[in-house]
Amino acid sequence: MVPAGHGAALVEIGRRMDGRGWVPGSAGNLSARIDDSAIGITRSGVHKGRLTEADIMAVDYHGAALSPGLKPSAETLLHCQLYRLFPPVGAVLHGHSVAATVLSMLGPITFSNYEILKAFGFATHELDVTLPVYENDQDIARLAGFIEPLLIREPPIGYVIAGHGVYAWGTSVEHAYWRLEALEFLLDCELERRRIK
């Protein structure tokens, strides 16, 4: 069972993400940590701008459904991985914005000298920060296995799956959205810079 507060928070964030054009169709998935054994995550195939609390289901940390009769998002294991590896993570948001999708197909993404990099805890804007881009794979367990050692070696500010979309996380649903918003701003800036060069 997903606590009401968790479900309501994810429903609200789904509407915000939809309003920004980050989750077209049924794209994207949103989750929040419930406790040390379960997370709440959007069920498969629902539009994130039209979510209800009934669309948020519980899964264990291996991605197995705890809500009878509901199918979790295909990418549930990528969410579970972040909760398992990083105990402070309280929420994970995944969207399919135009900027994230297009830039991920053009090669590496590095942000240099943007003031908003401070949103990720950096003390200065005078640095280069790489946003990892991982090749897409329909086998999510295999993709998670590939990503895991990279996350452990150097935890990133988020990551992108090529031709797919961006993953962002934070200590709460609101904090994860704040970081996603900063990341999407950076991606928009980079896309615009490349367009006008």
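Quick notes on this structure:
- Cβ-Cβ under 7 Å pairs, at least 6 apart or on other chains, the stretch 70-84 side in contact (Cβ under 8 Å) with a residue 40 or more places away in the chain, far side among the aromatic types (Phe, Trp, Tyr): LEU78/TYR167; CYS80/TYR61; LEU82/TRP169; TYR83/TYR61
- If the condition is being among the small types (Gly, Ala, Ser) and within 15 Å of the chain's Cα centre (by Cα), then the stretch 39-61 contributes only GLY40.
- Number of the condition not met by ILE157 [criteria: (1) under 16 Å from PHE86 (Cα atoms); (2) of a type outside the set (Asp, Glu); (3) part of a strand (DSSP E or B)]: (3)
- Qualifying residue in the stretch 98-114 (condition: loosely packed, with under 13 Cβ neighbours inside 10 Å, touching a strand residue (DSSP E or B) at 6+ places or on another chain (Cβ under 9 Å) and farther than 26 Å from GLY21 by Cα): yes
Bear in mind these aren't lab numbers, they're just calculated from the coordinates by the rules spelled out. Source: prediction; values computed, not measured. Counting neighbours? That spans all protein chains shown, and the Cβs are built from the backbone with ideal geometry, glycine included.
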